[in-house]
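J.: One structure, as structure tokens, below. Some questions next.
The values are calculated or read from the model by the stated rules, or taken from the named source; none is laboratory data. Bear in mind the structure is a predicted one, so any value in this text is a computation, not a measurement. Note: ideal-geometry Cβ built from the backbone for every residue, glycine included; neighbour counts use all protein chains shown.
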């Protein structure tokens, strides 16, 4: 009975062993005796990363790749081993070879990929860490002899470093996929360029395609969005033994990655746990001006301008025909020689050169760092004393940058960037100042002329309105009174009727205290009558048409005609009228309220 139980236990262990082999539950380690076979995989100790076999979208080829453990390989593969040598079927295997290297084999035992460590070693193991790094260790002490971070593919993740040695030229670069279904090495690569002040470059078949601008101590100066993006602020550039190293100092829990696409885009993305998908927050190049050297030497590119390329002040197009056709790569040339050129040629020396400041610029490539100047003025003086210096920039918190030779890949930003000072001949600066002065004078003359025209227009408008009001009663009298009131039976001398002065509504409102009830003399069928006093002291009586009277222009003009014709010393005299908007009023001389005999007999 005991023997039977023992046999059952052994059988169970063998079954579990086979099951673990089938499902790839091999922990986080690969050894000579414990390889991984398609479709097996290993997972890092913290369950953050997974290494196994996958097929790209729209492809049946098999590759060994690495991805986030909770994100499928179809969504994002971070690293590929045999990217240039796919496996045709599912017979592939990753293991440790006899010489201690980590290798990928096909079903026929052919080596499709190797860690390719030259020195032979024994007792080696490969382990997948929680940083996403596949490391190869050798010997009893587990010395590190190779790591996947040294051979990245197209993706940059936290804890990974990209390095470049200025002396040897050796670089650790990102290499794009050929296409979304082909992970073999594509046309684009990306990494640090150590010449001068380090910059991050994208190359197309070895030629510059895009650059970040110089590293300014905390950020890349040529990336305006570096202050608005959460993840871009996590970069760090360090130097040691002529080697510059770029690292992303951010916790991997954010799962922020940077991908160099097959189209040459460098994309910043992070995993959105809620949406279960990648969110894109930044990319470069993003405009046509981001393409390296778009406007050629001494040309400036502005994405908001049309055309986008212009020559710097003091420079003209080198090839005008090409420039007019929108072919700007030949760039611009200087119009006036510098003072230094005159000294070197032995010709007559003019006045000292100066600088023209350009604000919010992506400064040219291949900047040199001058550590001695401690202020912008010292930086300027240092450049002025050096005949080979054609431009300088002083970046706060970093220091003095200078350029010699051609200025390439200059861009005008709408935000960010820094000031760039271009060296120009004295005569060019004076001419520029004269042009600015002429522009200011011309603008002043134009603005003054426009202002005068506006004033004249409103004066004419006011006079025309005033004249129109003065004529309204007369025009109405000659037309309405004659045609409407008398129906063709005109008085014999109606044409001799003269219109009395026209009063403004505002004058009458002031005279009657805004038609206050205390100034009211009485009420008739036409409307109310108010007492008032004109600015010259004359007392008046104002008859104001009531909106409820049922009378209107016809009755008003009838009274104007009659009173105008029947002037008598013992009759009240009509002084004028007011027709303004809906207001119609007659203005009479004011007579005290006395009996008729007092007026007739004194």
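J.: Please determine, by comparing only the residues of the range 373-413 that are in contact with a helix residue (DSSP H, G or I) (Cβ under 7 Å, 6 or more places away or on another chain) and closer than 21 Å to residue 312 by Cα, which one is modelled with the lowest pLDDT. Explain how you work it out, then say what you get.
T.: Within the range 373-413, the subset in contact with a helix residue (DSSP H, G or I) (Cβ under 7 Å, 6 or more places away or on another chain) is 373, 387, 389, 392, 394, 400, 402, 411, 413.
Right, trim to closer than 21 Å to residue 312 by Cα and you get 387, 389, 392, 394, 402, 411, 413.
Numbers: 387: 88, 389: 94, 392: 96, 394: 95, 402: 95, 411: 96, 413: 94.
In this case the residue turns out to be 387.
J.: Would you mind finding the one in 259, 237 that is modelled with pLDDT of 95 or more, in a strand (DSSP E or B) and assigned by TED's automatic domain parsing to the domain that holds residue 158?
T.: Working: 237 fails: modelled with pLDDT of 95 or more.
Answer to the selection: 259.
J.: Right, something else. Applying the selection to the range 50-60, what residues are over 25 Å from residue 101 (Cα atoms) and crowded, with 18+ Cβ neighbours inside 10 Å?
T.: Filtering the range 50-60 down to residues over 25 Å from residue 101 (Cα atoms) leaves 56-60.
Listed by number, the list holds a single entry, 56.
J.: If you go through the range 508-521 one residue at a time, do you hit one that is modelled with pLDDT of 70 or more, surrounded by fewer than 16 Cβ atoms within 10 Å (Cβ to Cβ), in contact with a strand residue (DSSP E or B) (Cβ under 7 Å, 6 or more places away or on another chain) and farther than 30 Å from residue 340 by Cα?
T.: yes
J.: Would you mind telling me which numbered condition in (1) within 41 Å of the chain's Cα centre (by Cα); (2) buried (at least 22 other Cβ atoms within 10 Å of the Cβ) residue 47 fails?
T.: Unmet condition: (2).
J.: Moving on. Give the residue, chosen from 163, 118, 148, that is within 13 Å of residue 66 (Cβ to Cβ) and either more than 38 Å from the chain's Cα centre (by Cα) or in contact (Cβ under 8 Å) with a residue 12 or more places away in the chain (or both). Lay out the reasoning, then the answer.
T.: Numbers: 163 fails: within 13 Å of residue 66 (Cβ to Cβ); 118 fails: within 13 Å of residue 66 (Cβ to Cβ).
From the options 163, 118, 148, the qualifying one is 148.
J.: Here's something else I'd like to know. I'm told residue 536 meets every condition in (1) modelled with pLDDT under 85; (2) within 24 Å of residue 592 (Cα to Cα) except one. Can you identify the failing condition by its number?
T.: (1)
Residues are listed down the side, and each one gets a yes or a no for (1) in contact with a strand residue (DSSP E or B) (Cβ under 6 Å, 6 or more places away or on another chain); (2) within 20 Å of residue 410 (Cα to Cα):
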| position | (1), (2) |
| --- | --- |
| 153 | yes, no |
| 158 | yes, no |
| 163 | yes, no |
| 172 | yes, no |
| 177 | yes, no |
| 185 | yes, no |
| 195 | no, yes |
| 199 | yes, yes |
| 206 | no, no |
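J.: Scan the range 275-290 and give yes if some residue there is touching a strand residue (DSSP E or B) at 6+ places or on another chain (Cβ under 6 Å), touching a residue at least 40 places away in the same chain (Cβ under 8 Å) and under 18 Å from residue 404 (Cα atoms), otherwise no. Steps first, answer last, please.
T.: Residues of the range 275-290 that are touching a strand residue (DSSP E or B) at 6+ places or on another chain (Cβ under 6 Å), as a first pass: 278-285, 289-290.
If we keep only those that are touching a residue at least 40 places away in the same chain (Cβ under 8 Å) as well, we get 278, 281-282, 284-285, 289-290.
Applying the additional criterion that residues be under 18 Å from residue 404 (Cα atoms) yields none.
No; the residues of the range 275-290 include none that is touching a strand residue (DSSP E or B) at 6+ places or on another chain (Cβ under 6 Å), touching a residue at least 40 places away in the same chain (Cβ under 8 Å) and under 18 Å from residue 404 (Cα atoms).
J.: I'd like the full set of residues that are assigned to a strand (DSSP E or B) and under 28 Å from the mean Cα position of the chain (by Cα), limited to the range 390-411.
T.: Those that are assigned to a strand (DSSP E or B) and under 28 Å from the mean Cα position of the chain (by Cα): 391, 392, 393, 394, 395, 399, 400, 401, 402, 403, 410, 411.
J.: I would also like to ask the following. Residues that are at pLDDT 95 or above and within 26 Å of residue 207 (Cβ to Cβ), at least 1 per element: which strands (runs of 3 or more DSSP E) completely within the range 282-372 meet that? Break it down stepwise before answering.
T.: Details: elements: 299-302, 309-311, 315-317, 332-334, 354-362, 368-370.
Filter on the range 282-372 gives 299-302, 309-311, 315-317, 332-334, 354-362.
J.: Has the range 159-175 got any residue that is closer than 21 Å to residue 42 by Cα and either part of a loop (DSSP other than H, G, I, E, B) or assigned by TED's automatic domain parsing to the domain that holds residue 192 (or both)? So that I can check it myself, show each step before the final result.
T.: We begin by selecting, within the range 159-175, every residue closer than 21 Å to residue 42 by Cα; these are 159-160.
Those left that are additionally either part of a loop (DSSP other than H, G, I, E, B) or assigned by TED's automatic domain parsing to the domain that holds residue 192 (or both): 159-160.
Yes, the conditions are met somewhere in the range 159-175.
J.: Please state which of the following conditions residue 133 fails to meet, knowing it meets all the rest: (1) touching a helix residue (DSSP H, G or I) at 6+ places or on another chain (Cβ under 9 Å); (2) under 20 Å from residue 199 (Cα atoms).
T.: Here residue 133 clears every test but (2).
J.: Okay, moving on. Does the range 359-389 hold any residues that are within 29 Å of the chain's Cα centre (by Cα) and surrounded by fewer than 20 Cβ atoms within 10 Å (Cβ to Cβ), and which are they? Step through it out loud before you land on a result.
T.: From the range 359-389, those within 29 Å of the chain's Cα centre (by Cα) are 359-369, 376; that's our starting set.
Matches in the range 359-389: 359, 360, 366, 368, 369, 376.
J.: While we're on this one: Condition first: touching a strand residue (DSSP E or B) at 6+ places or on another chain (Cβ under 6 Å) and touching a residue at least 40 places away in the same chain (Cβ under 8 Å). Now tell me which residues in the range 370-387 satisfy that.
T.: If the condition is that a residue be touching a strand residue (DSSP E or B) at 6+ places or on another chain (Cβ under 6 Å) and touching a residue at least 40 places away in the same chain (Cβ under 8 Å), then 383 is the only one that fits.
J.: Could you tell me which numbered condition residue 488 fails, if it satisfies all but one of (1) farther than 26 Å from residue 544 by Cα; (2) at pLDDT 75 or above?
T.: The failed condition is (2).
J.: Could you list, in sequence order, all residues of the range 36-55 that are in a strand (DSSP E or B) and within 15 Å of residue 71 (Cα to Cα)?
T.: Let us first name the residues in the range 36-55 that are in a strand (DSSP E or B), namely 36-37, 41-43, 49-54.
Answer for the range 36-55, where residues must be in a strand (DSSP E or B) and within 15 Å of residue 71 (Cα to Cα): 41, 42, 43, 49, 50, 51, 52, 53, 54.
J.: Right, another one. Any idea how many residues of the range 199-216 are surrounded by 19 or more Cβ atoms within 10 Å (Cβ to Cβ) and assigned to a strand (DSSP E or B)? Quick ask: steps written out before the conclusion?
T.: Let us first name the residues in the range 199-216 that are surrounded by 19 or more Cβ atoms within 10 Å (Cβ to Cβ), namely 199-203, 209-216.
Still in the running and assigned to a strand (DSSP E or B): 199-203, 209-215.
Summing the residues that are surrounded by 19 or more Cβ atoms within 10 Å (Cβ to Cβ) and assigned to a strand (DSSP E or B) in the range 199-216 gives 12.
J.: Given the criteria over 40 Å from the mean Cα position of the chain (by Cα), under 22 Å from residue 260 (Cα atoms) and assigned by TED's automatic domain parsing to the domain that holds residue 135, does residue 62 qualify? Quick ask: steps written out before the conclusion?
T.: Details: over 40 Å from the mean Cα position of the chain (by Cα): yes; under 22 Å from residue 260 (Cα atoms): yes; assigned by TED's automatic domain parsing to the domain that holds residue 135: yes.
Here the answer is yes, as residue 62 does meet what is asked.
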